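Engineer: I'd like to ask you about the structure that follows.
The values are calculated or read from the model by the stated rules, or taken from the named source; none is laboratory data. Only a predicted model underlies this, so the values are computations on that prediction, with no experimental measurement involved. Ideal geometry is used to build each Cβ from the backbone, glycine not excepted, and the neighbour counts take in all protein chains shown. Ligands, DNA and RNA are excluded from the accessible area calculation, which covers all protein heavy atoms including side chains. Shrake-Rupley method; radii C 1.70, N 1.55, O 1.52, S 1.80 Å.
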Amino acid sequence: MPQKRGKRKGALALHVSPVVEPCMILETFPTAEEFYKTYWGKKPFIVREYIPAALIDDMIDGDSLAGLALEEDIKSRIITNNDAGNEWTCEHGPFEDDRFDDIGDKNWSLLVQNVEQYHTETAALLKYFQISPRWLLDDIMISFSAPGGSVGPHTDSYHTFLVQGTGKRTWKISADKINDQRFADNPHVKVLKHGFEGETFEVNVGDVIYMPPFFGHEGKTIDAAMTFSVGFLGPKLSEMLGDYAQYLEENEDLNPRYLAESLGRQSTGFSLGQGAQDVIKGNVIAAIESDHFACWMASYFSKPTHEEIDPIEEDDLTESELLAQLKEGETLFRPEHIKLTITISKDGSFNLAVYGDTISIPKAQAKIIETLNAGNDLAYDDIAGLNDKDHAITLVTALYNRNVLVFNEDN
Ligand code: SIN
Ligand code: CO
């Protein structure tokens, strides 16, 4: 007869219960404090039914996603796998529309990137990730997968929210960062050579999984499914320094030449003496410590990570025309994929940037940007209530004419 656990006779040592790993499934989405303290970059979690089914109904469907995969400038891939999950193929789009005719009913996934740029209702998903650093958003990538479809066990450099749209999948996820990041020798997909240890969860409509960078994950489709991967990617140091160098180049007064003054005899011939090294290093540090760097950061992180293929194009309005429309009760909003980034310089001024262009704005006007960035519409009263109403209307008109704001058609 099996002994009851914990009742074993003769056990002299105190019985210590095994440490139970905190469950990855959370009752509710974490608050911003909890999110950054416990999870962001550190630990995956799952929240069931976080995204309302009604929002998912409005998001892009499989047919329209396949339609995007036919477009020249849109990045798409079809990945197939075998039943055993050890062989893959990958084809890159654009695809011919008959590509889907004989694709079969199992073991494939279509993945399309940057969908937030092409489908406003899909971009609305971003509102549910307001506590994330939206300035790091890379894109919403969507996979449509047939039963059995999988891109294999892998890690990403991204922070990803995997949102289950339609259908049903399982996700195996690791509780820790994967030490062995080596990929299998496969020209088609980047799958982990030695897989990873993890727990498997079944996900349904509206469930969300947060995966930090370099944590293992592997989705497998049970019922034809759409997964929305909301990805946040930090740039490489070389990418940032290269861009800052370009910024200095475009602002000649920020770009002084090293004149090699005050050299000593240690710097003769091909030797750079310590004094010369210190001056050169000091110049670079000064460039980074200056307020211009804060300005550049706003500009850099406001740039779309992928070229906008179909930018909003409306006729320009004068300030009085725009004001008249707002007075009539119309409201303006910022399409979710547009990044209106802000940094505060040491002198307290606000650097506002969009599409890589920066302007300095007073604190009062930062309120307007807060409203827009929170995903709220901007109405006449939001501007009329400000002390510096005239400058505010100038700012809002400039943003409208830069195709950053759009009138809400629902009004
Ligand atoms: C998938 O939907 O199968 C892949 C998504 C991901 O791992 O980012
Ligand atoms: Co992934």
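Engineer: Return the percentage of antiparallel bridges among DSSP beta bridges fully within the chain, rounded to the nearest 5 %. Walk me through the numbers on the way to the answer.
Structural biologist: Numbers: 61 of 63 bridges.
Around 95 percent antiparallel, to the nearest 5.
Engineer: If you line up the long axis of helix 389-401 against the longest principal axis of the chain, both from Cα atoms, how many degrees apart are they, to the nearest 10?
Structural biologist: Value to nearest ten degrees: 60.
Engineer: Right, something else. So for each of 385-397, 128-140, 208-220, 81-93 I average, over its residues, the number of other beta carbons within 10 Å; can you give me the resulting order with the highest mean first?
Structural biologist: 208-220, 128-140, 385-397, 81-93
Engineer: Just the number please: accessible area per residue for the range 319-407, 1.4 Å probe, all protein chains included, in Å².
Structural biologist: On the way: 4070 Å² over 89 residues.
Ligands and nucleic acids excluded, the figure is 46 Å² per residue.
Engineer: With unit charges on the beta carbon (Lys/Arg positive, Asp/Glu negative), name the residue among 40, 146, 110 whose Cα is farthest towards the positive pole of the charge dipole of the chain.
Structural biologist: Most positive-ward Cα: 40.
Engineer: If I stretch the segment between residue 136 and residue 237 completely, what's the gain in nm (0.36 nm per residue apart, minus their alpha carbon distance), one decimal?
Structural biologist: In short, 34.9 nm is gained.
Engineer: A follow-up question, please. So what's the back-of-envelope 222 nm ellipticity for the chain, counting only DSSP H runs of four-plus at -39500 (n - 2.57) apiece and dividing by all residues, rounded to 500? Please report the intermediate quantities before stating the final value.
Structural biologist: Values: 10 runs with 97 residues, N = 411.
After summing the helix terms and dividing by residue count, I get -7000 deg cm²/dmol.
Engineer: Let me ask another. Subtract the Cα-Cα distance of residue 127 and residue 328 from 0.36 nm times their separation in residues, and report this length gain in nm to one decimal. Don't skip to the end; give the middle numbers.
Structural biologist: Details: separation 201, 0.36 × 201 = 72.36 nm, distance 2.71 nm.
Full-extension gain reported as 69.6 nm.
Engineer: May I pose another question? Under the definition of Cα pairs under 8 Å and six or more residues apart, what whole-number percent is the relative contact order of the chain? Write out the running numbers ahead of the final one.
Structural biologist: On the way: 720 pairs, mean separation 58.0, N = 411.
Relative contact order here is 14 percent.
Engineer: OK, next. Enter the angle in degrees (range 0 to 90, nearest 10) between the Cα long axis of helix 237-250 and the first principal axis of the Cα atoms of the chain, meaning the one along which they spread out most.
Structural biologist: Long axis of 237-250 versus the principal axis of the chain: about 20 degrees.
Engineer: So, R0 is 60 Å and r is the distance between the beta-carbons of residue 268 and residue 53; what FRET efficiency does that work out to, to 0.05? Write down the numbers at each step before the final one.
Structural biologist: Numbers: r = 75 Å, r/R0 = 1.25.
Efficiency at R0 = 60 Å is approximately 0.20.
Engineer: Given the range 319-407, what whole percent of its Cα pairs are spread farther than 19 Å? Walk me through the numbers on the way to the answer.
Structural biologist: Working: 1308 of 3916 pairs.
The answer is 33 percent, as a whole percent.
Engineer: Let me ask you something else. Expressed as a whole percentage, what fraction of the accessible surface of the chain belongs to carbon and sulfur atoms when a 1.4 Å probe is rolled over the protein heavy atoms? Can you show the working numbers first?
Structural biologist: Working: 11790 of 23250 Å².
The computed percentage sits at 51.
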